[in-house]
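Enquirer: Pasting a structure below so you can have a look.
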């Protein structure tokens with residue numbers, strides 16, 4: 001079966017190009033952040049602030065290919081990243097000590113609510129709304145990491161052995177209590193299946209890159225990082241875990257999914273612990289991907 005047949009929609013050159021343009025900023029920042037930061041700093045200020053408008057190109061390619069292009073959505077994807085860049089540039093000037101500025105929290109609230117409440121998903125063809133999530137993440141990466149140069153984020157996917165041991169340790173502590181609690185609440189259900197090794201590996205890698213890394217960068221690298229400077233380590237960990245849990249209130253339910261929220265809050269504590277040990281997004285993303293993969297394969 002072709003890829004188009006497996007996915008249920010046509011996969012043409014425009015879609016491949018759009019996917020590459022969407023992933024390149026994320027991966028480039030994850031592996032070559034110092035190089036990119038130096039390149040951005042070498043640009044005149046107007047160009048630095050205007051650069052993220054290019055994030056509208058994937059929308060143009062996908063929407064045009066599927067016949068759903070709308071000028072208002074194009075304007076949103078062109079202008080919102082520029083506004084975010086402008087706000088975070090102002091935050092950098094106003095917050096030389098990096099304790100956090102109101103503009104930082106405004107940007108995080110906008111990005112978080114846009115993804116969680118699916119504000120922009122209507123712009124995309126069915127099954128392709130993931131573009132919106134990653135493009136918004138790209139806008140945050142450009143603003144926080146390359147322009148504002150916020151420290152202590154730990155967005156480095158050149159994984160170390162310590163990232164793996166930390167991530168697996170936190171997963172090992174979280175999994176038994178989560179499974180017991182989830183089964184008791186009727187949220188989890190055991191499935192005695194064993195997928196092909198290739199399916200297991202591909203599923204884990206997809207979860208790591210497209211779910212765990214974006215969410216860990218947002219909640220731990222940015223939000224918990226900022227809150228630590230205002231609230232301290234323990235309070236920041238708990239508040240971030242609570243917000244992470246609440247972000248799951250509308251997942252897989254038409255109403256407030258309190259069972260999902262409870263388990264996600266507890267998970268957020270262990271993800272936060274994994275991140276803050278060395279301030280490494282890769283470590284918490286390993287924990288996160290393990291949890292989501294096990295849940296998807298054997299407990300959903």
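Where a number appears in this text, it was derived from the coordinates with a stated rule and is not lab data. Since we're looking at a predicted model, the values are computed, not measured. For neighbour counting, all protein chains shown are included, and Cβ atoms are generated from backbone atoms with ideal geometry for every residue, glycine included.
Enquirer: Which shape class, rounded, prolate or oblate, goes with region 155-300 when its Cα gyration tensor gives a ≥ b ≥ c as root eigenvalues, a/c under 1.5 marks rounded, and past that a/b bigger than b/c marks prolate?
Expert: In terms of gyration-tensor shape, oblate.
Enquirer: Using the number of other C-beta atoms within 10 angstrom as an exposure proxy, rank 259, 158 with the fewest first.
Expert: Neighbour counts put them in this order, fewest first: 158, 259.
Enquirer: Any chance you could tell me what percent of the C-alpha pair distances in the chain go past 26 Å?
Expert: Counting pairs separated by more than 26 Å, the tail of P(r) holds 47 percent.
Enquirer: Given a Förster radius of 30 Å and the C-beta distance between residue 158 and residue 181 as r, what FRET efficiency does 1/(1 + (r/R0)^6) yield to the nearest 0.05?
Expert: 0.30
Enquirer: Next question, about the same structure. How far is the Cα center of region 213-249 from the Cα center of region 71-135, in Å?
Expert: Cα centres, region 213-249 to region 71-135: 17 Å.
Enquirer: May I pose another question? Using a 10 Å cut-off around each Cβ, can you sort 142, 174 from fewest to most neighbouring Cβ atoms?
Expert: Placing the least packed residue first, the sequence is 174, 142.
Enquirer: Over the chain, what is the relative contact order in percent, taking alpha-carbon pairs closer than 8 angstrom and at least six residues apart?
Expert: Relative contact order, the chain: 20 percent.
Enquirer: Okay, next question. Roughly how many nanometres apart are two label points built 7 Å out from the Cα toward the Cβ at residue 90 and residue 249?
Expert: 2.8 nm
Enquirer: Next question. I need the Debye-formula profile for region 224-291: one equal scatterer per C-alpha, no solvent, reported as log10 I(q)/I(0) at q = 0.16 1/Å, two decimals.
Expert: -0.53
Enquirer: For region 1-151, what's the radius of gyration and Dmax over Cα atoms, in angstrom?
Expert: 16.2, 56
Enquirer: Expected output is a single nm value to one decimal: the length gained when fully extending between residue 200 and residue 109, i.e. 0.36 nm times separation in residues minus the C-alpha distance. What is it?
Expert: 29.4 nm
Enquirer: Then there's this: Which order do 161, 40, 281, 115 fall in if you start with the one that has the fewest other Cβ atoms within 10 Å?
Expert: Fewest-to-most ranking of 161, 40, 281, 115: 161, 40, 115, 281.
Enquirer: With runs of 4+ DSSP H residues as the only contributors, calculate the mean residue ellipticity of the chain at 222 nm using -39,500 (n - 2.57) per run, divided by the residue total and rounded to the nearest 500.
Expert: Computed mean residue ellipticity for the chain: -21000 deg cm²/dmol.
Enquirer: With springs only between Cα atoms under 10 Å apart, run a GNM on the chain and tell me which of 219, 206, 150 wobbles the most.
Expert: Comparing 219, 206, 150 in the GNM, the peak value goes to 206.
Enquirer: Grab the Cα-Cα distance for residue 35 and residue 102, subtract it from 0.36 nm times how many residues apart they are, and report the gain in nm with one decimal.
Expert: Going from the current span to full extension adds 21.3 nm.
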